[in-house]
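Taking it in order: structure first as structure tokens, then the write-up.
What follows draws every value from the coordinates through simple rules; no lab data is involved. Everything numeric here is computed off the predicted structure, so don't read it as measured data. Cβ: placed from backbone, ideal geometry, glycine included. Neighbour counts: every protein chain shown.
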Ligand SMILES: Nc1ncnc2c1ncn2[C@@H]1O[C@H](COP(=O)(O)OP(=O)(O)OP(=O)(O)O)[C@@H](O)[C@H]1O
Ligand SMILES: [Mg+2]
């Protein structure tokens with residue numbers, strides 16, 4: 001909702017959206033919750049290394065959209081292809097995709113009964129079969145990257161919200177994913193913690209990670225995004241390069257939405 | 001601490017931001033303070049404290065005298081006891097202690113029961129304490145234990161075989177209780193998970209089973225075990241009665257266990273499933289690594305409640321003609337040499353159960369505390 005102060009220099013863009021490979025392809029996808037038509041005719045292609053920010057009013061289906069990408073929600077019509085694999089009911093394929101797609105949630109969803117380090121090694125050990133010692137070394141590397149290696153042996157309940165969210169990011173990165181999904185990663189955080197999380201995400205973007213981020217952080221979108229997508233009532237209304245999107249919105253619903261979030 | 005009054009100047013005498021940490025005034029802590037607040041804080045509290053003290057003063061000396069000071073520990077009959085002391089006649093229990101423990105297990109073979117008990121303790125240690133040295137090997141032993149224990153008690157393969165008809169006394173309670181506890185937890189977990197399954201058949205089967213079990217008294221199931229089950233096995237095969245009882249008691253406890261665990265499962269936020277699924281963990285990994293550790297922790301009080309209930313219900317085998325510790329006690333009362341000593345018998349039996357159940361309960365508190373520090 002707010003524009004957190006992010007110096008544009010802290011972000012060094014490397015050649016992005018130049019990869020040939022389309023990591024995500026959504027064609028004519030529809031989804032219903034019972035009778036409720038929540039996603040309508042979604043078409044979206046995401047190239048490797050592309051960074052996309054999704055925004056839109058509450059209830060517009062942003063979370064549902066990104067959760068359809070790793071099958072936390074299933075779609076009923078259309079095709080979704082992630083990393084070359086089409087998402088169907090096939091459990092093997094779903095597992096294969098989930099291994100390559102990390103997801104970070106609004107409420108962190110860390111495992112409270114495991115230490116920070118165990119949270120980070122759980123996936124690599126049990127999903128990838130990495131030996132414990134190796135998994136721990138790599139987890140420490142990622143914890144350093146999100147700047148909390150000293151908390152490795154604590155339990156999530158002992159950390160602040162910002163620290164927990166950074167652990168959640170590290171936990172996803174430990175799986176070495178090709179794509180990272182973020183569902184409003186900063187909207188449950190106190191203002192002073194938002195920046196520490198965004199900084200980590202900006203750093204991640206600079207390494208060329210393919211990212212889809214549901215967020216209303218305009219500063220972040222302007223700094224990092226290749227494309228901003230605006231959703232309303234289950235449809236993609238408008239998408240554009242960030243400066244153009246924010247300065248010169250085409251659709252009147254986009255204009256209304258932007259005027260509302262800027263009014264804050 | 002008297003000087004704290006002078007060290008503790010009025011507010012505002014420190015410049016802002018420089019107030020040091022001071023010890024609390026002595027009236028806020030210490031044993032005197034504790035007694036004042038907890039025992040004599042207010043009229044109701046004081047009355048209760050005095051009433052309780054009066055009861056203790058009446059009961060404790062009486063019990064101590066009856067149970068220990070005035071009790072007879074040796075003697076051959078009730079008359080011997082009365083000749084020497086006015087309190088409890090423990091000689092009666094002592095003279096039948098073997099019966100209370102082993103039932104009718106052949107005397108020459110009783111070392112096997114002792115060995116089974118000792119091994120039970122050895123098997124339990126690694127299961128109960130995760131700091132046990134060589135815990136991995138200990139757990140393997142614990143998994144093998146039911147077979148070793150069964151072989152030791154029943155015999156065969158080199159040991160003289162003993163019919164389970166001869167099992168009795170405390171050993172019967174322990175066998176049924178431990179078996180029921182050990183198997184009802186995993187079965188209960190499976191039933192609870194099955195009840196949440198998205199496969200309707202699995203769900204209906206689990207719900208049906210749980211509701212049936214909870215809707216029928218255990219005594220009925222034991223009668224079924226004693227009488228009816230033999231209709232379902234081919235004629236000629238001998239399906240041991242004790243095994244049938246074990247199955248019934250285990251299934252009965254599993255039904256309750258499933259519901260207790262379901263309560264725990266419902267308390268786990270959806271986000272935990274999503275985070276675990278999102279990593280690509282398989283269903284059983286999600287359950288084993290993420291969901292169950294949290295759900296079981298929440299369910300500990302209910303699980304222990306079920307365990308204790310099951311353990312005490314083992315006395316119900318009396319209805320199908322098996323003499324457990326209570327049954328042995330009851331039948332001992334008929335002995336003309338020792339007539340009229342029912343108080344001693346029931347106190348003894350009650351003590352046995354109390355000690356067992358209280359230990360289970362203490363262990364569960366220890367476990368809860370330990371797990372709590374991890375959250
Ligand atoms: N499990 C569900 N069952 C039924 N309806 C649902 C379910 N989850 C979400 N919805 C509905 O679907 C719509 C889209 O939800 P979604 O969570 O995707 O919105 P969102 O854009 O992420 O909103 P927010 O900004 O509030 O997170 C909402 O109207 C919501 O009420
Ligand atoms: Mg959402």
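Here are some notes:
- Working from label points 7 Å from Cα in the Cα-to-Cβ sense, the residue B:368 to residue B:355 distance is 2.5 nm.
- Average beta carbon contacts from partner chains per residue of A:121-129, 10 Å cutoff: 4
- Whole-angstrom gap from the stretch B:140-157 to the stretch B:14-44, using each part's C-alpha centre: 58 Å
- FRET E, pair residue A:243, residue B:268, Förster distance 56 Å, beta-carbon r, rounded to 0.05: 0.80
- Taking all Cα pairs closer than 8 Å and separated by 6 or more residues, the relative contact order of chain B comes to 16 percent.
- Peptide-level mean, for A:66-79, of C-beta atoms on other protein chains within 10 Å: 1
- Nitroxide proxy distance, nm - points 7 Å out along Cα→Cβ at residue A:235 and residue B:121: 7.7 nm
- Extending 7 Å from the Cα toward the beta-carbon at both residue B:129 and residue B:82 defines two label points whose distance is 4.9 nm.
- Efficiency of FRET from Cβ geometry, residue B:203 and residue B:282, R₀ 25 Å, rounded to 0.05: 0.80
- Base-10 log of normalised Debye intensity for chain B (one unit scatterer per alpha-carbon) at q = 0.12 Å⁻¹: -1.11
- Remark: mean inter-chain Cβ contacts per residue of B:289-295 equal 3, using a 10 Å Cβ-Cβ cutoff to other protein chain atoms.
- Net length gained if the chain between residue B:343 and residue B:58 were fully extended (0.36 nm per residue, minus Cα distance): 100.7 nm
- Fraction of antiparallel bridges per DSSP, the protein assembly as shown only, in percent to nearest 5: 50 percent
- Working note: 222 nm ellipticity from helices only, DSSP H runs with n ≥ 4, each -39,500 (n - 2.57), summed and divided by the residues of chain A, gives -10500 deg cm²/dmol to the nearest 500.
- Bridges between two residues of chain A, per DSSP, are antiparallel at a rate of about 55%.
- Residue with peak Gaussian network fluctuation, chain A [Cα springs, cutoff 10 Å], from A:150, A:100, A:203: A:150
- Listed residues B:274, B:82, B:107, most fluctuating in chain B (Gaussian network, C-alpha, under 10 Å): B:274
- Comparing mean-square fluctuations of B:126, B:146, B:25 from a GNM of chain B with C-alpha springs under 10 Å, the top value falls on B:25.
- Ellipsoid semi-axes in whole angstrom, largest first, where each is sqrt(5λ) of the Cα gyration tensor of the stretch B:110-327: 33, 23, 15
- Value of relative contact order over the stretch B:110-327, rounded to a whole percent, pairs C-alpha under 8 Å and six or more apart: 25 percent
- Dividing the summed helix terms, -39500 (n - 2.57) for each DSSP H run of n ≥ 4, by the number of residues in chain B produces a 222 nm estimate of -21000 deg cm²/dmol to the nearest 500.
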